[in-house]
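Below: the structure, in structure tokens.
Just so you know, all these numbers are worked out from the coordinates, no wet-lab data involved. The model shown is predicted, which means the values in this text are computed figures rather than measured ones. We place every Cβ from the backbone using ideal geometry, glycine too, and count neighbours over all the protein chains shown.
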Ligand SMILES: C[S@@+](CC[C@H](N)C(=O)[O-])C[C@H]1O[C@@H](n2cnc3c(N)ncnc32)[C@H](O)[C@@H]1O
């Protein structure tokens, strides 16, 4: 299906004006692919899609389709080993209470991984976790902690590679063909809707995870969002991004040092 830049512009302008979401600076190629997918799935023309986008209910569906929600527990296991063995112990040297923000938490697997890791380290109660996403539907899934049983196979493999102290089965029950994660793990997690593009800086953190989110933004937007993360970190706080992402080229690069280049962990050294 052929759509051109002017069609994409019509869509982003409508969504921005009517619903206050700004996709203008999302990476063009993946945004276009997603629009084509929506058109094909719903058997719509561009004009029909634009009409439907005035409807708030359809907009929620549109948001879920536009944003890529793919995630896993203990995604990139070596990253989680670095967190457990280097980053969290380094933060604990200076803080008794740790504040962590999962930005773009999707369906919450990353948050459960963090909670399991912290529980196994014996410090779950000393950590406050905030998990945010743009997409309400995916955030509700995160809050429910109910996952497809099949997805637990990959999660279990990741957990084994991470070298956790137990087995992932210790943390969920099988109920009617689903995996229900132990709600006790996340009882202190605050899940909130927050838009990294239009949302404000809302707090200060010791560690921010924003993994596999900025990959869908163009460089202008990555730059803006990274400035917000810089502002949201305490001095000497840590920022973890996705393995295919980097901040070395951005405006605030000189305010961070690279702590682990492989696993893309950076430390704020200047205000
Ligand atoms: C691929 S998932 C990443 C999930 C997890 N961090 C991981 O690495 O597995 C990307 C998430 O970013 C969210 N997202 C996209 N644009 C966003 C924005 N402007 N503000 C907040 N979240 C956003 C999407 O809704 C999606 O859930």
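If you average 1/r over all unlike Cα pairs in segment 45-122 and invert the result, what Kirkwood radius do you get in angstrom?
Working: mean 1/r = 0.0646 Å⁻¹.
Roughly 15.5 Å, rounded to one decimal.
Taking only the Cα atoms of segment 148-223, how large is their convex hull per residue, in Å³? Each step should come with its number before you reach the end.
Working: hull volume 13.0 nm³, N = 76.
Taking the convex hull of the Cα positions in segment 148-223, it is 171 Å³ per residue.
Restricting things to Cα coordinates, could you compute the convex hull volume per residue of segment 5-66 in Å³? Before the final figure, lay out the partial values.
Numbers: hull volume 4.6 nm³, N = 62.
So the per-residue Cα hull volume is 74 Å³.
Could you give the distance between the Cα centres of segment 150-172 and segment 92-137, to the whole Å?
17 Å
Build a GNM of the chain with springs between Cα atoms under 10 Å: which of 186, 111, 175 gets the top mean-square fluctuation?
175
Where in segment 146-178 does the amide nitrogen come within less than 20 Å of the point 7 Å from the Cα of residue 64, taken along Cα to Cβ?
146-152, 177-178
Largest first and in whole Å, give the semi-axes of the chain's equivalent ellipsoid, each being the square root of 5 times a Cα gyration tensor eigenvalue.
Numbers: eigenvalues 208, 114, 48 Å².
Semi-axes from the Cα gyration tensor: 32, 24, 16 Å.
Using a 7 Å offset from the Cα along the Cα-to-Cβ direction at both residue 1 and residue 251, what is the distance between the two label points in nm, to one decimal?
Modelled inter-label distance: 3.6 nm.
Taking only Cα atoms, what is the 0 to 90° angle, nearest 10, from helix 5-19's long axis to the longest principal axis of the chain?
The angle comes out near 70 degrees.
How many angstrom lie between the C-alpha centres of segment 54-83 and segment 201-237?
17 Å
Please determine, in degrees from 0 to 90 and to the nearest 10, the orientation of helix 56-66 with respect to the longest principal axis defined by the Cα atoms of the chain, where the helix direction is its Cα long axis.
The two axes meet at around 60 degrees.
Nearest 10 degrees is fine. How inclined is helix 219-232 to the longest principal axis of the chain, computing both from alpha carbons?
Between the helix axis and the principal axis of the chain, the angle is about 40 degrees.
In nm, to one decimal, how far is the residue 169 label point from the residue 40 one, both placed 7 Å along Cα→Cβ?
Once both label points are built, they end up 4.0 nm from each other.
Using the per-residue mean of other Cβ atoms lying within 10 Å as a proxy for protection, in what order, highest first, do the peptides 52-63, 137-148 fall? Intermediate results must be reported in sequence, preceding the final value.
Details: 52-63: 14.6, 137-148: 17.6.
Top to bottom by mean Cβ count within 10 Å: 137-148, 52-63.
Within the chain, what percent of beta bridges assigned by DSSP are antiparallel, to the nearest 5?
Working: 15 of 34 bridges.
Within the chain, antiparallel bridges account for around 45 percent of the total.
Expressed as a fraction of 2.2 N^0.38 Å, the rule-of-thumb size for a compact globular protein of N residues, what is the C-alpha radius of gyration of segment 6-147? Please report the intermediate quantities before stating the final value.
On the way: Rg = 19.1 Å, N = 142, 2.2 N^0.38 = 14.5 Å.
Expressed relative to 2.2 N^0.38 Å, the Cα Rg reads 1.32.
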